[in-house]
Structure formats: C-alpha cells, structure tokens
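The values are calculated or read from the model by the stated rules, or taken from the named source; none is laboratory data. Given the structure is predicted, the values throughout are model-derived calculations rather than measurements. Every residue, glycine as well, gets a Cβ built from its backbone with ideal geometry; the counts of neighbours run over all protein chains shown. When the accessible area is computed, the model is the full protein with side chains, heavy atoms only, and any ligands, DNA or RNA have been set aside. Shrake-Rupley method; radii C 1.70, N 1.55, O 1.52, S 1.80 Å.
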Amino acid sequence: EDAGSQGSALAPMIASLRTLRPAARPRRWLTDALHVAPRAFGSSPALAPQHKVVVIGGGVVGTSVLYHLAKLGWSDVALLERKVLTAGSTWHAAGGFHALNSDPTVSALQSYTINLYREIEELSGQSCGLKYTGGTNFACTEERWQYLRNEWAKHRTMGIESVLLTPEECKERCPILDTTHVIGGLFDANEGYLDCSGVTWAFAKSAQHYGATIHQHTKVESLKQLSNGSWEVVTDKGVCVAEHVVNCGGLWAREVGAMAGVHLPLLPMQHHYLITEDLKEDAGLFFAIDLDGENYIRSERGGVLLGVYEPDCRPWAADATPWDYGEDELLPPDLDRIAPQLEKAYSRYPVLEQAGVRSVVNGAFTFAPDGNPLIGPVQGTGLASAAPSGDVRNYWVACAVMAGFAQGGGVGLCLAEWMIHGRAQSYPDIFAMDVARFGRWASKAYTLQKSQENYSRRFRISYPNEELPAARGLKTSALHAQMEAAGANFGSSYGLEYAKYFAADTPETYSLCRSNVFPIVAQEVDAVRNKVGLLEMSTFSKYEVTGPESRRWLDHLLACKVPPAGRMALAPMLAFDGTLMGDLTVMSARDGDTDRFLLLGSGYLQAFHMRHFAQQLEGWSGVCVRNVTDEVGGLALAGPRSRELLERLVLDPSAVSHDAMRFMAVRSMDVGLVPATVARVSVTGELGYEITTQASFLPGLYSAIVSAGQDLGLAHVGSYALNSLRLEKSFGIWSREFTPEFTPRMSGMDRFVAYDKASDFVGKAAATAERAAHQKSEKRLVTLEVHGTDGADAWGYEPVWSADGQTNVGFTTSGGYGHTVGKSLAMAYVDADAASAAAGLSVHILAERLPATVLTQPAWDPRGLRMLGPDPTA
C-alpha cells in the first residue's frame, strides 16, 4: 500500500519521538510501564564447593533450565548470575507469547511453555501477569493470505486450533485496526503477553522449591575442565566444582563460551518498541501481528506496545558484549531507521496518531544465524576446537533464545531431559534448535551477516527451497568452478555451496507453487532415467573409521550387519530407546590385515553425527573416527548408460560388469588417472555408481568423466532432480521421513535392522521389544499420489484426512512432482488403519483439500530391476 502521504503527515510525530530518551533509571520507568515490580529475593547463600550442575545466567532461560533440572530430580543445581535475575535481555522484553511456528516440534514446545506458566504461578505464589488475549496475524496481500491459509491447514497436524478470519472479524479482535488493505487473518486463542520479570522469578522460586540454589551478584570469571570431565568454576565470590556447566549467558553467552574454548554463533541485535500513552477510547485487550507491515502490537494499560522488525537492522556489540553493561541499561533510540515501519503501523492503526508516546525502548537480544535457539551438548561438534584438549565434555548451552517467553519453558525442559536421560524425551526431534546444526565454520563474520538477514526477514514469507543471499560462498567444493561453468544454481547446506539445478541464465523465482525452474528439473530427471546423469557428492558427510576394534565398535554403533570387505550396507543408527538416530551407509575395505570403513550420511549432520560418535566411543580403545568430509569428495553416475560410461574410464571394463560388481559392491580401482573407490549404489532408482577419492583428485576425475560421456548424453544433475527421482522410488531422507520421533518399524527401516546379530547394538533391546510385541505401529510411512494438483505440491506437514474428511489421520513429510511418472507425490506418516490402497484419503495443498491414493509400491520401477539387475533398461 502507499504510505507516502501518511508518512509525510507522521513526520512531525516521528521527529518528536527522536527527542525521547530513557530516564536515568530506565529499569524503573519501564517496569512501571509494564506493571513489573522487582521482587525481593533475599540474600544469596554462600557458594558451595561442589554442585552437580552450575547454570550460568539468570534470565528466563537460565531459570527455566534450573527449574526443570530440579523438578526432574537433580536438586544439587545452582544458578550463578553476575547481577540480578532478569538483567540482560529479559527485563526489557516485550513479553509476547504464541504457539504458532512453522516447525511442528518448536510449535509444540511453545505450547508447553505457555501451559507451564499457570503451573509455576501456583507453585511459586508469584504472578506471571498472564493476559490470554489471543493473537491475530493479518494478511494484506493475496500471497500472504495464501500463506496463512496454508499455515492454518498445517495447524490441524500440529494440534493448534487456529481460526481463519474475515477482515471484519480481524477488527473485532483488534478494534484499532484499519481494515482497508486487510484481506484476512489467522487467529490463535492461545496467545497473549505476560510480566517478564514475574515469569523469571516464578521459575526461580519454583526451582528453589525443588532444592535448587540461586546466587545473584556472582560473576563467573573463568572455567577450567578437569581431567575427570568436571568443571572448576571460578567466580568473584569463590570457586566451586561442577559435574556439568550450562551456558545460559544470553547477551554474554559468547563470552561464557570463550571461557571454555567454545565458539557460539550468535549475535546481539537492537530491537525497538514504543509504549504509547492512553488511547482516547478503550480498545480492550488484544495482540496482533501485521506481517506485511513488519510490526506487532498489543494492549498496554490504556495504550499500546508497538514493536517493529526493520529491514535496516543493526547489531549491537558485534565482536563482544561488554561486561560492564548494566542491569538496567538500554540503547539510544535510532528512530530514523525504523521510520518506514512506524509509518506503516500508524497507517494500519490510525488512532495512534492521537496518542502520545510514553517511552521508546531499544534493547538488545540475541539471534543465531537462522533465528532459532542453540541448545544441547557441545562435545564432538567441533565448536570447542579452541579448548585445551580440542573438545569439551559436560558443557551444555541454552542460548540465542530470542523468543524467550514463547520458547523458554520448552527449551528448559528439553535440555534438562537431555542432561538427565540422554535425550529430550518429550520432544525428541529438536534438531531445529540443536547447537550441532552449526560447526566451527560459522564464523563471527558469517554470523554477523546471517543474523542480520534473519532479523530483517522476521515477518517475511519463507518459500520452499528458498536460498538467501547473505554470507554465501563461505565453503565451496573442489569442483565449484566446474559446476559454476556448467550452469549450476547453488544452494547452501552446512555452509557449503551445492548445485540445485543447472541453467545459468535462469535464476529461480521462489513461490509457494512450483517455481519457474520446473521444466529444467524435468529435463535433468529425464537424463537420469534414459541416459546418464552426473551428480556431485559434496553434500554427503564422510567419516573414516579405523583401528583394530573398528569392526566391533561399528557392530555396537549400527543396527545393521557390518558388511565384509568389498561390500557396503544401509546402516540405521538407533538411540538407546530404539528410535532413529541416523541413516548412514557403511563401506567396508581392508588395508592388509586391517579393517577400514567409510561412513556416509547427510552433510549438514556432521556435528550431530560426530557428537554421537564421541559419546559412543567413551570406554572404547583401538578405534579412531575422523570426519573426512572436506578431504574426500565424490561424483555419482546414475542412469542406464552409467556402466557404459564407467567402462570407458577403467583399465579393465569387465571389472564393472554386472556379474563382477553386483549391487552394493565396493571396489578400489583407477577411474581415468585417479585412484578411487567405486561403489555400485544409487539414490535415484537407476543403475548407478558412487566414486569417491581425495578432494585434490576431483577436478581430474570430473574432466575424465565429462570427456568420456559427451556422446552418451551425459547431463549435470542437481538436488531438485534428485528429490523428484527419490520420491518416485519412495526413498526417504533424514529430517523428513527419518527423524528421532520414529522407530525402524514405523519408517520401514526395520528391513535393514539385524535383530538377530550377536552384538548388543545401541537400541537393540527397545527395538527387539517393539518387534516382539507384534503390534501394529501407531503410524506407518507411505507414499501418496495426490490428485488434482494445479501447479503446487506437498512440501511437509500438510494434514492427511480420512475418507470422510472428518479425521486427521497423518501428515506429509515431503513432496514434489514425479516427472517420469507424471504424478504429484508425497510421503506421509498415517495411522496404520489408513495405510492401505483401499483407504480413500485427502491432503491439504495450499489450503485446498485434494484426493490422494496410497501407493502400495513405488511409482517407478517397483521391482527395482533397473537398479539391481543386469539390464538397466528393464
């Protein structure tokens, strides 16, 4: 909408706002405005010489972690706060809470957090100042309205009873709204705002109820890991030893990390909101987000609190947070930067023009590069490479929780369960918040660019497959220049550039529907199905496992049978409770009398995998595990002419014949001039080979393949085509079909589990018990053909409905178009009773309910003859 005329009218108001400055004691005037009174807490006890856990940081996250640890049975826990509770970001937060989130696990955690507040109010006797106003998200463009309707459909899967609203209904819930440009809204009754200080003190008092201790005015000055894995915690009030340390340092989390040699990718960002004087008419209680206007607003006394997320954002203390930053300080307002967002807000809520402004708040809070929290153990992730030993044990983090009052309770629960039970039992799939989604590659410069980008896009639409421009080119493979010359359009995963599709002159226009590169992907799929495709394997993680005990250790780690030398196997990895922990591939070779193995997995899980390996290596000797992802690269050939191409490049063509090299065989041989390992395996469902070698050899290998394949129709293939190819074969992938929420039986991975092998592999007892129960799994993974799609496919978490349309029987995990079979396909977890072809189902695609059929076999080559047999054109 055109806010130009409105902006000129608002210029005097904005100019007057620039004269406002925080009072000498900003905590006092702000807490008065927000009905918050600092709580008397009594004097802190003397620091004990030893604790099981020390939590560093007394904001809402630190007190939540303390409370949950104590409640779950670890009462010998202490919290150390350099100033007073809430000092840092907590005291000046806007205090809004909501359950809506595009990630279903995060959404569930937010619901848990909101429901927890009444519990800690009752336990502590401390009011949390809860105002359940409900919250409305407005759409002022057709695309935003389409997005909100799609989110509404996904909420059926998440258990959120949101409601779509007309413009008139939006105004009923937000009486000061001008509906001129409003198309519709999405309302959730489980939203509102609270007293930030009250919630923090309620957590603290509840933690004390369960035996925890709290030390205010106790600054941690250094951390030292002792030989037994415990920590010497040096403070200005004395020294104590803790078995575990939890970094909840908030604005100072980076500094608390550096004390242990831990690098944490997070950045404090400046954030503004205004508190107005009383409106002329009582508007009641309300909470709303104007997504297209990039602002949020809620009632505050007789006025409103108005906050903005401006594209022209600014970090604060980008290099380091000063230790002398006080408990009640704010940053100088910078209203010139947020003027465009203020103009939009005053246009959307015209009554604000008549209200004075009581105060302007500019406070800092922390963002990770992707906007999600950083939680979990640091061991094995590579983030502690600066530690004296190169790694740390028993060092945990819960930081960068920018939505602390929506997520803090859930974060505390997950971390406490993880520490006590070995995993987050209530919400096992929390990778979206796991610190292991980053490695040491996430430098300060990278974090600076990505965090600003994420802040500036806080209320923007996120499209399927969308790649953002900030901090690109951080890591590139040895073949990046060659891929670029071949026309690659790149994405980024775990900091590494990879090819999505090949068409240099066609940048992708992102959309909620199929994008403009749809026909380009179809051509790449056709090349693999009918000729031969070339795929770079840079996005695969690779781990070398060696040593005299390597086979026995892998037999303990993996649920499959460890293959003999010269073979490979699909290798499910389980948690102790029998749920999925990973889907790897293991290649087996021998160097003389010594076993040597190469594990392959998803590249973005490197820190996640290495942390798990480190934990499982405890107590073992004679095993060495190295992450060789950056040292070893690869190229994959796929398609009916891939063998013909490979025969041209090896010294003995008969060595790669069907009889000499059956499916899942592994051989060492020269390919062109390059010493390589060749495995007959395929993620496309076609005859295929994966060729791995040292990264320095990749350019030579690539040149040889391209030269030899010119007359065979060799085509470069990217990740988009690979997704279409694997959906046609019903091949699942990690983070979509395979997650810690599911067991091998639910996911169909049980066919790769060696229940009868002698070794007591991780998760064996639980997996065997599930199998012995002879009960139907609660959910089953199926492939659906979705009928009647018009330019859009499933993406993930769309609800699946029963034949009568009344019962939600499951949700999609991923989807796309099968270019070979000409069908819109989706993989989904559905109730066991709904997993048959006879069950007529339906799926929401962009909020439109479409009929769907369960496929009882893969859509393409159901018997797998093209991949497994001697004739790749069968």
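A few comments on the model shown:
- Condition check for Tyr829: in contact with a Gly (Cβ under 6 Å, 6 or more places away or on another chain), modelled with pLDDT of 95 or more and crowded, with 18+ Cβ neighbours inside 10 Å: yes
- Lone unmet requirement of (1) open to solvent by 50 Å² or more (accessible area, probe 1.4 Å); (2) within 31 Å of the chain's Cα centre (by Cα) for Gln523: (2)
- Matching strands (runs of 3 or more DSSP E) fully within the range 169-282 where at least 1 residues are modelled with pLDDT of 95 or more, within 18 Å of His51 (Cβ to Cβ) and open to solvent by 10 Å² or more (accessible area, probe 1.4 Å): 213-215, 220-225, 231-235, 238-247
- Scanning the range 546-602 for residues that are touching a Pro at 6+ places or on another chain (Cβ under 8 Å), hydroxyl-bearing (Ser, Thr, Tyr) and not in a strand (DSSP E or B) returns a single hit, Thr579.
- For the range 365-376, the tally of residues that are over 18 Å from Glu453 (Cβ atoms) and either surrounded by fewer than 24 Cβ atoms within 10 Å (Cβ to Cβ) or of a type in the set (Gly, Ala, Ser) (or both) stands at 1.
- Candidate set: the range 734-775, residues that are closer than 18 Å to Val562 by Cα and of a type in the set (D, E, K, R); chosen: the one least open to solvent (accessible area, probe 1.4 Å): Lys757
- Screening Tyr296 with (1) surrounded by fewer than 24 Cβ atoms within 10 Å (Cβ to Cβ); (2) in contact with an Asp or Glu (Cβ under 8 Å, 6 or more places away or on another chain) gives one miss only, at (1).
- For the range 539-568, the set of residues classified as under 17 Å from Ile691 (Cα atoms), under 28 Å from the mean Cα position of the chain (by Cα) and modelled with pLDDT of 95 or more consists of Phe540, Ser541, Lys542, Tyr543, Glu544, listed by residue number.
- Of all residues making up the range 339-365, the number that are within 35 Å of the chain's Cα centre (by Cα) and outside any helix (DSSP H, G or I): 7
- Output for the range 224-257, where each listed residue is without any contact (Cβ under 8 Å) to a residue 24 or more places away in the chain, over 14 Å from Arg393 (Cα atoms) and of a type outside the set (Val, Ile, Thr): Asp236
- Residues within the range 61-88 that are open to solvent by 30 Å² or more (accessible area, probe 1.4 Å) and either within 24 Å of the chain's Cα centre (by Cα) or acidic (Asp, Glu) (or both), tallied: 1
- Of all the residues in the range 537-550, those that are open to solvent by 40 Å² or more (accessible area, probe 1.4 Å) and farther than 19 Å from Gly582 by Cα number 2.
- Against the conditions (1) at pLDDT below 95; (2) more than 23 Å from the chain's Cα centre (by Cα), Ser102 satisfies every one except (2).
- Filter result (open to solvent by 40 Å² or more (accessible area, probe 1.4 Å), under 30 Å from Arg472 (Cα atoms) and outside any loop (DSSP other than H, G, I, E, B)) within the range 412-448: Phe431, Lys444, Ala445, Leu448
- Just one of the listed residues (Glu798, Glu848) is open to solvent by 10 Å² or more (accessible area, probe 1.4 Å) and among the charged types (D, E, K, R), and it is Glu848.
- Single residue of Ser462, Ser477 found to be modelled with pLDDT under 95 and either surrounded by 19 or more Cβ atoms within 10 Å (Cβ to Cβ) or among the small types (Gly, Ala, Ser) (or both): Ser462
- A single member of Thr783, Thr873, Thr807 is within 29 Å of Asn530 (Cβ to Cβ), under 31 Å from the mean Cα position of the chain (by Cα) and not aromatic (Phe, Trp, Tyr), and it is Thr783.
- Sub-8 Å Cβ pairs linking a first residue in the range 792-803 that is farther than 12 Å from Ser814 by Cα to a second residue that is of a type outside the set (A, V, I, L, M) and in a loop (DSSP other than H, G, I, E, B), at least 6 apart or interchain, are Ala792/Cys513; Ala792/Arg514; Trp801/Thr807; Ala803/Gly840, ordered by first then second residue.
- Subset of the range 120-166 that is open to solvent by 30 Å² or more (accessible area, probe 1.4 Å) and without any contact (Cβ under 8 Å) to a residue 40 or more places away in the chain - its residue that is nearest to Thr105 (Cα to Cα): Glu161
- Meets criteria (more than 15 Å from the chain's Cα centre (by Cα) and farther than 29 Å from Thr141 by Cα) for Ala436: no
- Pairing residues of the range 607-630 that are more than 11 Å from Thr381 (Cα to Cα) with residues that are open to solvent by 40 Å² or more (accessible area, probe 1.4 Å) and of a type in the set (D, E, K, R), at Cβ distances under 6 Å and at least 6 apart in sequence or on separate chains, gives Gly622/Glu549; Val623/Glu549; Arg626/Glu544; Val628/Glu544.
Yes/no matrix, rows are residues, columns are (1) within 27 Å of Glu737 (Cβ to Cβ); (2) in a loop (DSSP other than H, G, I, E, B):
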| site | (1), (2) |
| --- | --- |
| Ala384 | no, yes |
| Asp391 | no, yes |
| Gly408 | no, no |
| Pro464 | yes, yes |
| Ala481 | no, no |
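One line per residue, one yes/no per condition, for (1) farther than 27 Å from Ser703 by Cα; (2) open to solvent by 10 Å² or more (accessible area, probe 1.4 Å):
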{"site": "Gly582", "(1), (2)": "yes, no"}
{"site": "Asp593", "(1), (2)": "yes, yes"}
{"site": "Leu599", "(1), (2)": "no, no"}
{"site": "Leu605", "(1), (2)": "yes, no"}
{"site": "His609", "(1), (2)": "yes, no"}
{"site": "Ala614", "(1), (2)": "yes, yes"}
{"site": "Trp620", "(1), (2)": "yes, yes"}
{"site": "Glu644", "(1), (2)": "no, yes"}
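- Lone qualifier among Leu712, Leu727 - being over 16 Å from Gly818 (Cα atoms) and open to solvent by less than 10 Å² (accessible area, probe 1.4 Å): Leu712
- Unmet criterion (only one of (1) open to solvent by less than 40 Å² (accessible area, probe 1.4 Å); (2) within 25 Å of Gly95 (Cα to Cα); (3) part of a helix (DSSP H, G or I)) for Val401: (3)
- For Ala320: the one exception among (1) open to solvent by less than 10 Å² (accessible area, probe 1.4 Å); (2) under 30 Å from Leu264 (Cβ atoms): (1)
- Residue match in the range 485-497 (condition: touching a Phe, Trp or Tyr at 6+ places or on another chain (Cβ under 8 Å), under 29 Å from Val821 (Cβ atoms) and surrounded by 22 or more Cβ atoms within 10 Å (Cβ to Cβ)): yes
- Of the candidates Ala826, Ala852, Ala874, Ala839, the single residue that is in a strand (DSSP E or B), aliphatic (A, V, I, L, M) and touching a helix residue (DSSP H, G or I) at 6+ places or on another chain (Cβ under 9 Å) is Ala826.
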